[in-house]
Amino acid sequence: MKSLGDLKRKVGATRSGSVPAAFREAARRTLLAWVDMAETHRLDMRQALRRLRDGEAAVEVARAALGAQASDPTGPMAQADCRKGCAFCCILLGSDGGTMTGVEAARLHEALAPLADQPDGRDWHPSACAALDPETRLCRAYEARPAICRSYISPDAALCERVAQGEAVAGPGVLGGHTLYLSVLTLTREALRGVTAVPTYSLSKIASAAVEGVPLADALDGARHAPRELTEEIGRQKAALGR
Ligand code: SF4
Ligand code: SF4
């Protein structure tokens, strides 16, 4: 693959069978629009590949889609119980906490590194995200929080409290913008197979490493997912949607 034209042809021809059917063409259009933007801004192939590897196309579409959903007065956000200081969703069960792209991991690390050695979320709850303020329970990296944090909502905070205690309850979940984000990321990976890897990272590991003073390169090494993590996550979304 030598040019952005080659990349567009590859995106157009990629089967993307692992992406949920309802999101497949939207993901393809999004990625093609991103390559058009790269041409308009005269990015060379090396720059475009680096930005795609870091997940920029997925992050940009997630911001736009989630912003539109958040401002829709008839949408699920309008019915959500979410408010400042309500942080049961920042209790990250398991060791991973959620999937992030490279650009999100770098932004989160940059926001948290200056807060190294201050009290963090784990002083409130042992499984809380290290980005959380243990007193106010506000996110200390709000502007840099990744798509998973921007898209998770609930109609009732009490349900989130039960999820944080390990119960499987219906209600809390991610907005559709998050499925589009995962779809674009998956399609990017499939289109670039054999050209460059498109890695994902663990939210909780990046946040913890940043506040513990671990440099970005080492934090990324320690938080990098095996490729199957994204495959399994998009597979769960596909199963939930029926196909
Ligand atoms: S997702 Fe749940 S815990 Fe998080 S802010 Fe919304 S209601 Fe509160
Ligand atoms: S980054 Fe912020 S919003 Fe996301 S889990 Fe951590 S504290 Fe919560």
Can you tell me which of Ala191, Ala33, Ala62 moves the most in a GNM of the chain? Springs connect C-alpha atoms under 10 Å apart.
Ala33
I need the shape label for the range 143-243. Rule: rounded when a/c is under 1.5, else prolate if a/b > b/c, else oblate, with a, b, c from the alpha carbon gyration tensor.
oblate
In sequence order, calculated HN-Hα J values of the range 59-64 (Karplus, 6.51, -1.76, 1.60; Hz; x Gly/Pro):
5, 5, 5, 5, 4, 5
Of Thr74, Ala106, Gly235, which is farthest along the charge dipole of the chain in the positive direction, counting Lys and Arg as +1 and Asp and Glu as -1 at C-beta?
Gly235
When the Karplus curve 6.51 cos²θ - 1.76 cosθ + 1.60 is applied with θ = phi - 60°, which whole-Hz ³J(HN,Hα) does each residue of the range 67-78 get, with x for Gly and Pro?
x, 5, 5, 5, 9, 7, x, 9, x, x, 4, 5
Helix 21-40 against the longest principal axis of the chain: what's the angle in degrees, Cα atoms only, rounded to the nearest 10?
70
Cα centroid separation, the range 155-173 to the range 126-154 (Å)
16
Those residues of the range 91-106 whose amide nitrogen sits under 15 Å from the label point placed on Leu216, 7 Å along Cα→Cβ
101-106
Between 0 and 90 degrees, rounded to the nearest ten: what's the tilt of helix 102-112 against the longest Cα principal axis of the chain?
30
Per residue of the range 194-204, what does 6.51 cos²θ - 1.76 cosθ + 1.60 with θ = phi - 60° give for ³J(HN,Hα)? Whole Hz please, x for Gly and Pro, Karplus curve as stated.
x, 10, 8, 6, 10, x, 10, 9, 7, 4, 5
When the chain is treated as a Gaussian network with springs between alpha carbons less than 10 Å apart, the largest mean-square fluctuation among Pro134, Pro76, Pro146 is found at Pro76
Comparing Thr136, Thr200, Thr74 in a Gaussian network model of the chain (Cα, 10 Å), the one with the largest mean-square fluctuation is Thr74
Over the Cα atoms, compute the radius of gyration (one decimal) and Dmax (the largest Cα-Cα distance, rounded to a whole number) for the range 4-241, in Å.
17.8, 52
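Where a number appears in this text, it was derived from the coordinates with a stated rule and is not lab data. Predicted model, so just to flag it, every value in this text is computed and none were measured. We place every Cβ from the backbone using ideal geometry, glycine too, and count neighbours over all the protein chains shown.
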